[in-house]
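Enquirer: I have a structure I would like to understand better, so I am pasting it below and will then ask my questions one at a time.
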Amino acid sequence: MAQMGMAPMDERRRTVRDLRRHNRTTLLAKLFFDGPLSRLELARLTGLSPATVSNVTGELVDEHLVVEAGLVDSDGGRPRVLLRVDPGTGT
């Protein structure tokens, strides 16, 4: 019998690998369906931390799954880089 307040069994067994896979999938899906987006927009829209978004998108760019799609002006700093899923991915 499950105790009140306890996470389901599968939630307690999540590993760092599961979390990383989930974060990658979340960002790729958001870019695929709603991109191009900046890292700042991705963090806001997904609820992931800016550091997580930066780390994961960096890996996705290195793996040629995501590419830069231009720049947009920021509110005072350097322009923000827009990212999108590489249109050549999967071909």
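Quick note: the coordinates plus some simple rules give every number you see, no bench work behind them. On a predicted model such as this, the values are computed, not experimentally measured, just so you know. We place every Cβ from the backbone using ideal geometry, glycine too, and count neighbours over all the protein chains shown.
Enquirer: In debye to the nearest 20, how big a dipole does the stretch 36-86 give about its Cα centre with +1 on each Lys and Arg Cβ and -1 on each Asp and Glu Cβ?
Expert: Using only the charged Cβ atoms, the result is roughly 200 debye.
Enquirer: Still on this structure: How large is the dipole of the stretch 20-62 about the Cα centre if only Lys and Arg carry +1 and Asp and Glu carry -1, each at its Cβ, rounded to the nearest 20 debye?
Expert: On the way: 6 positive and 4 negative charges, 31 e Å.
Dipole size: approximately 140 debye.
Enquirer: For the stretch 64-81, just list the computed ³J(HN,Hα) in residue order, Karplus coefficients 6.51, -1.76 and 1.60, θ = phi - 60°, integers in Hz, with x standing in for Gly and Pro.
Expert: Result, ordered by residue: 6, 8, 10, 10, 6, 10, x, 10, 10, 5, 9, 8, x, x, 6, x, 8, 7 Hz.
Enquirer: Tell me which residues come under 5 Å, amide H to amide H, from Asp86 once H is placed; ignore anything under 5 positions away on its chain.
Expert: Val66, Val67
Enquirer: What are the residues whose amide H is under 5 Å from the amide H of Ser38, where those residues sit 5 or more places off or on another chain and H is modelled from the backbone?
Expert: Answer set, sorted by chain and number: Leu83.
Enquirer: Something else: For the stretch 33-42, take each phi angle, set θ = phi - 60°, evaluate the Karplus expression 6.51 cos²θ - 1.76 cosθ + 1.60, and give the result in whole Hz per residue in order, putting x for glycine and proline.
Expert: Result, rounded to whole Hz: 8, 10, x, x, 9, 7, 4, 4, 5, 4.
Enquirer: Which length gain, in nm to one decimal place, applies between Ser49 and Glu63 when the Cα-Cα distance is subtracted from 0.36 nm times their residue separation?
Expert: 2.9 nm
Enquirer: Let me ask another. Find out how many positive minus negative residues lie around Gly35, taking Lys and Arg as positive, Asp and Glu as negative, among other residues whose Cβ is under 12 Å from that of Gly35.
Expert: Value of the local net charge: -1.
Enquirer: Computed FRET efficiency, Cβ-Cβ of Arg14 and Arg84, R0 41 Å: what is it to the nearest 0.05?
Expert: It comes to 0.90.
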